[in-house]
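Just below is one structure, and these are the notes that go with it.
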Amino acid sequence: MANVPRILSIVIPTLNRCDYLCGALRSIIESQCNFEDIQVCISNNFSDENYDAVIELIKAAPASLDIIYVSQPKRLPIDESMYAAYAMSTGEYVYFLGDDDYFLEGELRKLLGLISERSVDAAVFNGLIVDADNRVMGKHFELAPATYDSVADAFVALRDKGMFGAVLVRRELLDEKYFTALFGTSHAYGCFWLSLLNRPSPRCRILIPEFPLVALRMAKKNYNHMFVYYRDIPYEISVYKRLLLSPESQHLNSSFESVFVHKVIGLRFLCYIKEMGMDLTEIRNINPALFARARTNIMIASAIVNSGLYSALKNAKRAISSLRGA
């Protein structure tokens with residue numbers, strides 16, 4: 001059945017997460033969807049782990065479910081790994097799923113219904129945050145359901161909300177020249193924003209659906225958060241500056257840059273990064289300009305986290321939230 005045109009391609013780059021990937025696959029296989037609508041594309045990024053369990057699960061999957069599995073001959077950088085998985089796909093829509101994430105029960109059918117009933121360019125989904133053992137830790141973003149018909153409005157609201165694992169995109173917006181231009185940003189899959197901002201019409205149809213779709217896992221990642229926030233995203237913003245065609249789009253990108261810089265040099269975010277075990281002084285080597293602007297806040301954040309005050313405040317906030325919800 002592999003030659004049947006598919007409505008949806010679920011694209012999964014994977015690296016050293018065989019067990020979690022099995023969970024992601026089971027969430028698709030057990031969804032009771034019309035599998036003739038779905039294609040699954042898995043690119044194994046030269047993993048050290050044994051993936052025999054994944055291979056066996058694929059062999060046992062329904063014949064009508066088109067699953068393409070490729071092992072890369074060498075380890076690719078993160079954006080190239082995303083692209084390799086995407087390049088295997090042929091569906092009208094592409095959903096980027098993390099190899100450690102999975103679809104919530106019954107929600108994949110809703111995704112297919114959304115695609116068939118509403119002509120969308122893209123959708124950004126809420127989801128649940130789970131830990132390594134699938135314990136629910138909270139909600140992802142808690143974005144209110146919304147429909148955006150203006151590219152500018154959607155960009156302002158969602159530019160930093162479409163994390164990998166929670167984005168659906170119409171295939172035609174994933175332009176190869178933009179995708180590859182964003183290699184090195186850790187967010188090349190977000191190239192659809194460049195396509196939307198550079199097309200002649202300022203209109204779009206981008207949704208925040210009313211249903212949560214996925215469980216997004218807060219497990220150990222295969223990337224360094226410090227590099228993402230202080231090297232990769234600043235580089236991504238610079239690529240946008242180079243490729244955006246209109247003054248209006250340039251203004252939107254500049255506004256996002258201002259908000260982003262304010263965030264990553266802010267005390268709250270620096271405390272969050274420090275609490276994750278990161279050495280804030282490394283920002284000096286990664287991005288000297290941002291380090292110079294954040295120097296005082298880096299000293300204060302380090303003191304707050306090292307004293308245990310930050311952890312105490314977080315625990316107090318959780319306790320208050322629990323009492324309110326009781």
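What follows is calculated from the coordinates using simple rules that are stated; it is not laboratory data. Everything numeric here is computed off the predicted structure, so don't read it as measured data. When we count neighbours, we look across all protein chains shown, and the Cβ atoms used for this are built from the backbone with ideal geometry, even at glycine.
Summary table
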{"read-out": "Fully extended contour minus Cα-Cα distance, from GLU275 to ASN315, at 0.36 nm per residue", "value": "13.1 nm"}
{"read-out": "Under 5 Å, built H, 5+ apart or other chain: amide partners of SER150", "value": "CYS204"}
{"read-out": "Debye intensity ratio in log₁₀ form over the Cα atoms of the stretch 8-221, taken at each q of 0.11, 0.19 Å⁻¹", "value": "-0.49, -1.58"}
{"read-out": "Charge tally in the Cβ shell below 12 Å around ILE300, where Lys, Arg are +1 and Asp, Glu are -1, ILE300 excluded", "value": "+3"}
{"read-out": "Additional length obtainable on full extension of the chain from VAL259 to GLU176, 0.36 nm per residue less Cα span", "value": "27.1 nm"}
{"read-out": "Inter-probe distance in nm under a simple model that places probes 7 Å from Cα toward Cβ, at ALA53 and GLU248", "value": "5.1"}
{"read-out": "Sites ILE286 and PHE183, calculated FRET efficiency, Cβ-Cβ separation with R0 22 Å, nearest 0.05", "value": "0.75"}
{"read-out": "Tensor-based shape of the stretch 158-242 (alpha-carbon gyration tensor, a/c under 1.5 rounded, otherwise prolate or oblate)", "value": "oblate"}
{"read-out": "Rounded to the nearest 20 debye, dipole of the stretch 8-221 from Cβ charges on Lys, Arg, Asp, Glu", "value": "440"}
{"read-out": "Extension gain from ASP19 to ARG135, taking 0.36 nm per residue of separation minus the Cα-Cα distance", "value": "40.2 nm"}
{"read-out": "Prolate/oblate/rounded call for the stretch 226-325, Cα gyration tensor, a/c under 1.5 rounded", "value": "oblate"}
